[in-house]
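Bear in mind that the values in this text are calculations on the coordinates, not laboratory data. All figures in this text were calculated on a predicted structure; none of them were measured in a lab. Neighbour counts run over all protein chains shown; Cβ positions are idealised from the backbone, glycine included.
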Amino acid sequence: MKRFEHAWQDYKWIDIEDPKKEDFVNLAEELEIPMQAIATCMDPEHLPRVEYLDHCTMIILRHFDNRARPGAGTIQELSTKLVFFVGKKYVLTLHRTPLPCIEEKKDKVPFEQITMSQLISRLFVKAFQSFEAPLDELVAKMDAIEGRIYALRRKSILREGYHVKRRASGFKKIFKFTETVINSLQQHSRIHSLNYDVVRDPLGRLIFDSDNVVEEITGLLNLHLALMSQKTNEASFKTNEIMRILTVVSIFFLPLNFLAGVYGMNFKHMPELDHYYGYYTVLGAMVTIAIGILAWVWRKGWLSKDDFKP
């Protein structure tokens, strides 16, 4: 456990990093916090929420986890917990790993004279701002995906777009739950002096940006699927055109091949073979059949580029 403490005239700030079980017992006795509340506050599955206890208020926020892997998409994978216990004379913060917003504030507080509400507001804002850079990264990836879609470089777009959407959806859930916490705090009189306008401004931008990313990447993925479907349809249309030409050609040659096959048989008794005008008669029949087939195909419209007529 790492403990940091700084006292002002009317309150003190205690920060605990990576607390152990025995630390919870000591803090519960020192600050009169219910043991059950402080012992379970570091459960990694907890979502942002607020709980009003007898002598203090417990607030759970989420801070972006810089160790999150690129494919992370759930709230627990993307963020780590930052827990506040706010009493009349103290602000207690607990977290598992070092957080930039906490470390930055530790360096400044020896030179600042700030109220309890100002300290809480600034820590809230810094926790929210930890998500700005990851969201900007998602916007950049989304712009790259859009450029590749229109440039017809579509390899791996579905997989990359899915990761962007999943990550943005995870951020969106965090911000929505956090907004519920802020609304509850504002309606409750326990921390009435908190500057909610300052807190809501960065949170509102994050909610808007995450909504925008989810909406736009969904549209881009739908556009990608539509273009791929169109490309498949065009290839299918070209194949059908080729098959139509081959079908029309085969219509002409099937009856002609039949006649040629009949008179090409080597039977001894075939009277037509001895006919003086037999050769010319068969050629005339072939021409007549071909002209008849041509007229029928033309009437059907099968020689045009339009679809077959019924």
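Odds and ends about this structure:
- At R0 = 22 Å, FRET efficiency that the Cβ-Cβ distance of GLN187 and GLU77 yields, to 0.05: 0.10
- Residues considered: LEU78, LEU225, LEU256. Largest GNM mean-square fluctuation over the chain, using C-alpha springs under 10 Å, is found at LEU256.
- Working value for the stretch 1-143: equivalent-ellipsoid semi-axes of 27, 19, 13 Å, each the square root of 5 times a Cα gyration tensor eigenvalue, largest first.
- Cα Rg over Rh - the chain, Kirkwood: 1.49
- Ratio of Rg to Rh over the stretch 71-173 (Cα coordinates, Kirkwood Rh, two decimals): 1.15
- Helix-only mean residue ellipticity at 222 nm for the chain, each DSSP H run of n ≥ 4 adding -39500 (n - 2.57), per residue, nearest 500: -20500 deg cm²/dmol
- Residue pairs exceeding 20 angstrom between C-alpha atoms, taken from LYS21/LYS88; LYS88/LYS126; LYS12/LYS106; LYS81/LYS173; LYS2/LYS105: LYS21/LYS88; LYS88/LYS126.
- Over the stretch 1-67, the hull volume per residue, using the convex hull of the C-alpha atoms, is 121 Å³.
- When peptides 139-149, 100-110 are ranked by their average number of other Cβ atoms within 10 Å per residue, the highest-first order is 139-149, 100-110.
- Derived scalar couplings ³J(HN,Hα) [the stretch 178-187; Karplus, 6.51 cos²θ - 1.76 cosθ + 1.60; whole Hz; x for Gly, Pro]: 5, 4, 4, 4, 4, 4, 5, 5, 5, 7
- Label point distance in nm, VAL297-GLU112, each placed 7 Å from Cα along Cα→Cβ: 8.5 nm
- Local net charge near PRO44, Cβ-Cβ under 12 Å (Lys/Arg +1, Asp/Glu -1): -1
- Cβ-based net charge around VAL125, under 12 Å, with every Lys or Arg adding one and every Asp or Glu removing one: +1
- The H on the amide N of TYR90, modeled in the peptide plane, is under 5 Å from the matching H of LYS12, each at least 5 residues off or on a different chain.
- Compared with the alpha-carbon gap, the fully stretched path from GLU215 to VAL198 is longer by 3.4 nm at 0.36 nm per residue.
- Qualifying lysines (Cα of each under 23 Å from Cα of LYS300; at least 8 residues distant if same chain): LYS238, LYS309
- Put simply, the convex hull of the Cα atoms in the stretch 154-310 casts, on average, a shadow of 18.0 nm².
- The local environment of THR247, defined by Cβ-Cβ distances under 13 Å, has a net charge of +1 under the rule Lys, Arg +1 and Asp, Glu -1.
- FRET efficiency for LEU283 and THR247, using Cβ-Cβ distance with R0 set to 22 Å, rounded to 0.05: 0.30
- Computed over all pairs of different Cα atoms, the Kirkwood value for the hydrodynamic radius of the stretch 239-300 is 13.4 Å.
- Phi-based couplings in Hz for the stretch 219-235 (Karplus 6.51, -1.76, 1.60; Gly and Pro marked x): x, 5, 5, 5, 5, 4, 5, 5, 5, 5, 5, 5, 4, 5, 5, 5, 5
- Around the amide H of THR97, modelled in the peptide plane, lie the amide H atoms of ASP18, all under 5 Å away and 5 or more residues distant in sequence or on another chain.
- Between GLU234 and TRP8, the simple label model (points 7 Å from Cα in the Cβ direction) yields a spacing of 6.5 nm.
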